[in-house]
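Trainee: Here you go, one structure.
The values are calculated or read from the model by the stated rules, or taken from the named source; none is laboratory data. Note that the structure is a prediction, hence the values are computed from the model and not measured. Cβ sites come from the backbone with ideal geometry, for glycine too, and all protein chains shown count toward neighbours.
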Amino acid sequence: MTTRRLASLTLLALATLPGMAGAQAYPSKSITLVVPFAAGGPTDVVARTLGAAMQKTLGQTVVIENKLGAGGTLAAGYVAKAAPDGYTFLIHHNGMATAPGLYRKLAYNPLTDFEYVSQVVDVPMTFLARKDFPAATPPEMLAYVKAQGNKLTLAHAGLGAVSQLCGMLFQKTVGVEFTTVPYQGTAPAMNALLGGQVDLLCDQTTQTVQHIKAGNVKFYGVTTRERVKLLPDAPTLEESGLKGFEVKVWHGIYAPKGTPTVAIDRFGAALRTALKDPAVMQRMTELGADIVPESKQTPEGLRSWLKPEIDKWGALIRSAGQYAD
Ligand code: ASP
């Protein structure tokens with residue numbers, strides 16, 4: 001056998017080794033991108049927009065799998081333990097950094113159980129009430145919620161969801177306590193708000209902007225420090241008197257620890273191509289999602305971001321005294 005033939009046989013064997021992303025073959029089948037919340041919601045919309053665009057570069061389908069429960073921690077735990085073969089990835093938001101503070105027992109460690117692919121987009125949140133909520137302006141809303149307290153219901157997507165985080169900070173800052181109602185994502189939480197079954201919801205523009213513009217909900221402001229381009233007339237919650245209030249939702253893409261570098265590199269490269277795709281850019285603008293700068297579109301861009309975020313939210317969560325076992 002010639003050396004050349006031996007070399008190509010070795011490459012072939014490597015490429016087809018079970019459970020391994022061979023350099024030649026990857027990706028040789030569809031790739032699963034796990035979303036920790038319900039289909040149709042904010043995280044899902046970002047995942048599906050990117051997944052569809054990435055298929056063009058990868059030459060394989062990106063299958064979106066919604067793994068629901070426990071404020072996103074179930075999905076993260078599932079991906080942490082999935083085969084590190086380059087065919088399972090996770091998209092998650094700030095929940096990756098808040099869960100260690102919120103859960104006494106967490107089935108995974110965000111700092112040691114994953115490979116990091118990239119950050120993706122930053123999204124503002126919006127504070128909403130059901131359409132017939134009896135307050136027209138932010139000051140009226142604040143006076144009303146203070147008077148009503150736990151007679152009011154606040155929907156969220158579970159302990160670890162950004163809707164829960166935003167709601168928790170709101171209650172702490174205003175000095176009220178609502179009755180909270182958890183859902184498995186803010187798509188069902190939004191349905192409950194639209195149907196008038198709950199009073200309040202804090203959620204990303206990626207889902208809410210359509211309902212704000214259609215007048216389906218009462219809208220009191222954005223959760224970012226700065227006003228938002230897409231909703232220029234809306235005050236920030238801080239402007240309305242909630243001192244220091246800020247929640248900006250960031251997203252990262254992860255893979256199980258030990259996933260081959262070739263898979264991380266190719267999935268990451270397809271993601272970076274998608275983030276430059278004019279159709280993706282336009283869709284993200286319509287949703288109020290800011291594509292992160294290129295320096296954050298890297299494994300290091302996510303890795304170096306995560307630890308300070310865990311520290312920042314951990315301190316806030318401890319001061320609010322919210323945990324689950
Ligand atoms: N917006 C949700 C959250 O509160 C998650 C979702 O349904 O995408 O974390």
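Residues are listed down the side, and each one gets a yes or a no for (1) closer than 21 Å to R318 by Cβ; (2) not charged (D, E, K, R):
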| position | (1), (2) |
| --- | --- |
| L142 | no, yes |
| K151 | no, no |
| C166 | yes, yes |
| Q207 | no, yes |
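Trainee: For the range 152-193, how many residues are out of contact with any strand residue (DSSP E or B) (no Cβ under 7 Å at 6 or more places or on another chain), of a type in the set (A, V, I, L, M) and farther than 19 Å from A99 by Cα?
Mentor: 3
Trainee: Right, something else. Which pairs turn up if I take residues in the range 52-70 that are small (G, A, S) and look for partners that are part of a strand (DSSP E or B) and surrounded by fewer than 16 Cβ atoms within 10 Å (Cβ to Cβ) with beta carbon separation below 9 Å, at least 6 apart in sequence or on another chain?
Mentor: A70/A324
Trainee: Here is a follow-up. If you check every pair at least six apart or on different chains, which have Cβ atoms under 9 Å apart with a residue in the range 149-161 that is buried (at least 23 other Cβ atoms within 10 Å of the Cβ) first and a residue that is part of a strand (DSSP E or B) and modelled with pLDDT under 95 second?
Mentor: L159/Y103; L159/A324; G160/Y103; G160/A324
Trainee: Another question, if that's okay. Name the residue that is surrounded by the fewest Cβ atoms within 10 Å (Cβ to Cβ), counting only residues in the range 190-214 that are over 21 Å from the mean Cα position of the chain (by Cα) and closer than 25 Å to G149 by Cα.
Mentor: Filtering the range 190-214 for residues that are over 21 Å from the mean Cα position of the chain (by Cα) and closer than 25 Å to G149 by Cα, the one surrounded by the fewest Cβ atoms within 10 Å (Cβ to Cβ) comes out as G195.
Trainee: In the range 286-325, which residue that is at pLDDT 95 or above, assigned to a loop (DSSP other than H, G, I, E, B) and over 15 Å from the mean Cα position of the chain (by Cα) is surrounded by the fewest Cβ atoms within 10 Å (Cβ to Cβ)?
Mentor: Per the stated criteria, the residue is P293.
Trainee: Does G71 qualify as being more than 21 Å from I264 (Cβ to Cβ), within 12 Å of the ligand (Cβ to nearest atom) and in contact with a Ser or Thr (Cβ under 9 Å, 6 or more places away or on another chain)?
Mentor: Answer is yes for this residue.
Trainee: T205 passes all but one of (1) under 16 Å from N94 (Cβ atoms); (2) out of contact with any Pro (no Cβ under 6 Å at 6 or more places or on another chain); (3) not acidic (D, E); which number fails?
Mentor: Going through (1) under 16 Å from N94 (Cβ atoms); (2) out of contact with any Pro (no Cβ under 6 Å at 6 or more places or on another chain); (3) not acidic (D, E) one by one, T205 breaks only (2).
Trainee: Tell me, which strands (runs of 3 or more DSSP E) lie completely within the range 108-188 with 1 or more residues that are under 15 Å from the mean Cα position of the chain (by Cα) and within 12 Å of the ligand (Cβ to nearest atom)?
Mentor: Because the criterion is at least 1 residues that are under 15 Å from the mean Cα position of the chain (by Cα) and within 12 Å of the ligand (Cβ to nearest atom), the strands (runs of 3 or more DSSP E) in the range 108-188 that meet it are 114-130, 153-156.
Trainee: Inside the range 201-220, can you point out the residues that are within 16 Å of the ligand (Cβ to nearest atom) and free of Cβ contacts under 8 Å to residues at least 12 places away in the same chain?
Mentor: Matches in the range 201-220: Q210 only.
Trainee: Looking at this structure, is A47 part of a helix (DSSP H, G or I), at pLDDT 95 or above and within 16 Å of the ligand (Cβ to nearest atom)?
Mentor: Considered against the rule, which asks whether it is part of a helix (DSSP H, G or I), at pLDDT 95 or above and within 16 Å of the ligand (Cβ to nearest atom), A47 comes out as yes.
Trainee: How many residues, within the range 40-58, are closer than 20 Å to Q204 by Cβ, touching a helix residue (DSSP H, G or I) at 6+ places or on another chain (Cβ under 6 Å) and surrounded by fewer than 24 Cβ atoms within 10 Å (Cβ to Cβ)?
Mentor: 4
Trainee: Here is a list: V79, V35, V63. Which entry is at pLDDT 95 or above, in contact with a strand residue (DSSP E or B) (Cβ under 7 Å, 6 or more places away or on another chain), closer than 19 Å to D265 by Cβ and not acidic (D, E)?
Mentor: The match here is V79.
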